[in-house]
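Remarks on the structure that follows.
The values are calculated or read from the model by the stated rules, or taken from the named source; none is laboratory data. What you see is a predicted model, and the numbers here were worked out from it, not measured in a lab. Cβ placement follows ideal geometry from the backbone for every residue including glycine, while neighbour counts extend to all protein chains displayed. These area figures cover heavy atoms from the full protein model, side chains too; ligands, DNA and RNA do not enter into them. Shrake-Rupley method; radii C 1.70, N 1.55, O 1.52, S 1.80 Å.
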Amino acid sequence: MEPEHDSNASPRPWTSLRALKRALRLVPVWLPLTLAMFLLAAPLGAPRYSWFSQTLGSRYAPGDQVHHLSVGFRTDHAEGLRQLDAWSGDAAAFLGFLAMVLGVLAAGGWLQVLTGTGEGSILRRLAFGGARFFWRYSRLLIVSLLVLGGWRMLVYGDVWRDLVLDQALEVPAWDRARLETLGSEALKYRLDWVQHGLFALLFGATLCWATYVRTRLALHDGYSVLVAGVLTLWMMLRHPVRTLRPMMGLLVVEALIVTGVLGLGARVLDARLLEGGGLPEVTGLFVLGLLALLVGELMRGAKYVAAVEVTRGLVKPVLRPDPWHTIGGPGGPQYPVDDEAEERYGVSL
């Protein structure tokens, strides 16, 4: 098994904030990726806009159907809405697949910029990293989906029914779906919260593990997803605080921004729209959606920045001298790289 650092030095504090600060400075990375993700919505939104524009025409009062579709409108156009929803579902599934592919490319681009030594502009290295790691990260995506599928079967399948419902709570087989034989309705709700919370915890841990696996593959230029996955799992089990703490910090920041700030703004605009608002409120919701995409991409980059720092502190590099912190030919002088620099060519003599 790959050796790890046994340094007694304590980890650098505030890894989450430092990672977010560095990700914010990499505008040429997160801005085009955000725009690319935003453009995926155009093929889905344009046909719907065209259909509603032709259907509404001058037959309805201005703003009559802005906030929600009335019962009369749904009745008059039930068949058209059914066909539109069916088409939108198929298109959304395909666009979701494209979003996953874009996420794989974005991961390779971020890690190439953060760990690579390619030449040229940041945009060029971003594209190079997406192509370089695409197949490796695609295999990791498949493995991650299989792991998540296994967790779902574990939490929502026979294991949960046998261990929790049958043995722990003694729920009869005929009542497994509705749980009417439990002592109280509150117990049923608490049981649902535990079940969903457990799956959310396993889901988040799997995504965190996948982030560290991608980082290890990039730092070591590895090709085996299974080997990197096992080594990463061992690293996380040995150092749960150092590996999970920065990710939890970034998760809290993301939740505060998206749920607190953007979510509150969306609720205010939605309430104003319900009272008879118009173009300003719709435009505001559009801007908030774009900001949510931007925050998501920034947080993706910050997680990779934090994962690179943590992995470098726990796992020994493959080569000597340390290729993560020095430049220079073998046998010659080695110059330390300034980790805080935007480019990887900054040196101190």
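What about W234, is it among the aromatic types (F, W, Y), within 19 Å of the chain's Cα centre (by Cα) and either within 28 Å of V155 (Cα to Cα) or not in a helix (DSSP H, G or I) (or both)? Against the criterion (among the aromatic types (F, W, Y), within 19 Å of the chain's Cα centre (by Cα) and either within 28 Å of V155 (Cα to Cα) or not in a helix (DSSP H, G or I) (or both)), W234 does not qualify.
Of everything in the range 152-176 that is open to solvent by 80 Å² or more (accessible area, probe 1.4 Å) and under 17 Å from A205 (Cα atoms), the residue that is farthest from the chain's Cα centre (by Cα) is M153. Taking first residues from the range 180-194 that are closer than 17 Å to D166 by Cα and partners that are open to solvent by 50 Å² or more (accessible area, probe 1.4 Å) and not aliphatic (A, V, I, L, M), the Cβ contacts under 6 Å between residues at least 6 apart in sequence or on separate chains come to L182/K188.
Pairs meeting the criteria (first residue in the range 21-44 and among the β-branched types (V, I, T), second residue open to solvent by 60 Å² or more (accessible area, probe 1.4 Å), beta carbons under 7 Å, at least 6 apart or on different chains) are T34/L293.
In the list A186, A131, which residue meets the criterion of being of a type in the set (G, A, S), touching a Gly at 6+ places or on another chain (Cβ under 8 Å) and open to solvent by 10 Å² or more (accessible area, probe 1.4 Å)? Step through it out loud before you land on a result.
Working: A186 fails: touching a Gly at 6+ places or on another chain (Cβ under 8 Å).
Of A186, A131, the one residue that is of a type in the set (G, A, S), touching a Gly at 6+ places or on another chain (Cβ under 8 Å) and open to solvent by 10 Å² or more (accessible area, probe 1.4 Å) is A131.
Against the condition among the hydrophobic types (A, V, I, L, M, F, W, C), at pLDDT 95 or above and outside any strand (DSSP E or B), how does V282 come out, does it pass?
Working: among the hydrophobic types (A, V, I, L, M, F, W, C): yes; at pLDDT 95 or above: no; outside any strand (DSSP E or B): yes.
No, not satisfied.
Kindly establish whether G296 is in a helix (DSSP H, G or I) and more than 24 Å from W110 (Cβ to Cβ).
Details: in a helix (DSSP H, G or I): yes; more than 24 Å from W110 (Cβ to Cβ): no.
In short, no.
Just one of the listed residues (L233, L226, L274) is among the aliphatic types (A, V, I, L, M), over 19 Å from W110 (Cβ atoms), loosely packed, with under 15 Cβ neighbours inside 10 Å and modelled with pLDDT under 90, namely L274.
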